[in-house]
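Enquirer: Dropping a structure here in structure tokens format, bear with me for questions.
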Amino acid sequence: MPALTTTFRRLALASAAVLTLASANLTYAADAVRTIKIATAAESKPLSWGAIGVEPQGYEPDVLRAINAKLPQYKFVMEGAADIAQETGLVTGKYDIATGGYYKAPARSKQFLIPDSPIGASLMKIYSRKDSNINGMKDLVGKNIVPVTAGGGVYKFVMQWQQENPNDKVAIKASSAGIPYPDRLKEVQSGKYDALILPSNLGEQTVIDNQKLDIKASEPVSINDTYVLIHKSDENKVLSEDINKALQQLKADGTLDKLSQKWFGEDVVKYMK
């Protein structure tokens, strides 16, 4: 009996040790998962939409979920935010990541970490009435164009195009009015303006279809890759590398193409450089 009792005691101690070790490993595993706070575009359907308190939907949120599935060491927590709030929060460290159809620019590359692999592509298109003869940039000469955000991607594109085509003067005004693009499309419809230049991933076609506007979209006049912006810190260098690898895998396995077709109804991935 004493020997049997001793054996039971040893087994009990061994079991307790195993449970303690397992508990410690689980605690370590939980501690090892890093929470990543992400700001997504709040009102850019189908690219991304969903205000604070609403689960973000759209192309970029779905890509972020696919990235997270490949990186179990992180837990992505997303919330919608206005453009200004996104970049401000990214600078201060409130957010670790921001997505919103961002282009890579020298100033951004200095301010943030940007993975080499793009998350998508922005196709710049011209929106005009169906009865117009506007199909490309040269057709905008002498036309009344919707003002664009000062210093924004569209403004920079038009200025660059103008430098490359000095004999074709396209008059465009910069504005900080912040008028939503659905209202701008209606202004083209009404004849207030002849054309609107915008990336096509903001949901223009959905507005055109839902509002039954007689507006057409041109073929892409400019194509730019879009990127994930990451708060610049030593800790986030590994995060940036991990996201870069995940994006490469998602492009190679066809996931980005499937999500592009789902949300945009076209193969945007084929334009990615």
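Enquirer: Once Kirkwood radius over Cα pairs in Å is worked out from the coordinates, which option in [x] 21.1; [y] 23.1; [z] 19.9 does it equal?
Expert: Read-out taken from this structure: [x].
Enquirer: Between Glu187 and Gln211, what is the spin-label point distance in nm, taking each point 7 Å from the Cα along the Cα→C-beta axis?
Expert: 1.1 nm
Enquirer: Could I ask something else about it? Taking only Cα atoms, what is the 0 to 90° angle, nearest 10, from helix 153-164's long axis to the longest principal axis of the chain?
Expert: Once rounded, one gets 50 degrees.
Enquirer: Just want the answer: with Cβ charges of +1 for Lys and Arg and -1 for Asp and Glu, which residue in Leu256, Ser233, Tyr271 is farthest toward the dipole's positive end in the stretch 222-273?
Expert: Value computed over the given set: Tyr271.
Enquirer: Restricting to DSSP loop positions (anything but H, G, I, E, B) with no more than 12 other Cβ atoms inside 10 Å of their own Cβ, which trypsin sites (Lys or Arg not before Pro) remain in the stretch 67-168?
Expert: Lys130
Enquirer: Ok, one more. Using 1/(1 + (r/R0)^6) with R0 = 30 angstrom and r between the beta carbons of Ser132 and Ala82, what's the FRET efficiency to the nearest 0.05?
Expert: 0.40
Enquirer: Separate question: Note down the nm distance, to one decimal, between modelled labels 7 Å out along Cα→Cβ at Lys262 and at Ala105.
Expert: Going by the 7 Å Cα→Cβ label model, 3.1 nm.
Enquirer: In whole angstrom, how far apart do the alpha carbon centroids of the stretch 205-273 and the stretch 159-192 sit?
Expert: 24 Å
Enquirer: Lys and Arg at +1, Asp and Glu at -1: add these up for the other residues within a Cβ distance under 14 Å of Lys156 and post the number.
Expert: Result for the neighbourhood of Lys156: +1.
Enquirer: Could you tell me the calculated FRET efficiency between Ala69 and Thr149, based on Cβ-Cβ distance and R0 = 30 angstrom, to the nearest 0.05? Walk me through the intermediate numbers first.
Expert: On the way: r = 34 Å, r/R0 = 1.15.
According to the calculation, E is roughly 0.30.
Enquirer: I would also like to ask the following. Sorted from largest down, give the three principal axis spans of the alpha carbons of the stretch 129-273, whole angstrom values.
Expert: Cα extents, longest axis first: 50, 33, 28 Å.
Enquirer: Between Gln160 and Glu235, what FRET efficiency comes out of the Förster formula 1/(1 + (r/R0)^6) with R0 = 45 Å and r the beta carbon distance, rounded to 0.05?
Expert: Numbers: r = 36 Å, r/R0 = 0.80.
After rounding, the FRET efficiency stands at 0.80.
Quick note: the coordinates plus some simple rules give every number you see, no bench work behind them. Keep in mind it's a predicted model, so treat the numbers as computed, not measured. Cβ: placed from backbone, ideal geometry, glycine included. Neighbour counts: every protein chain shown.
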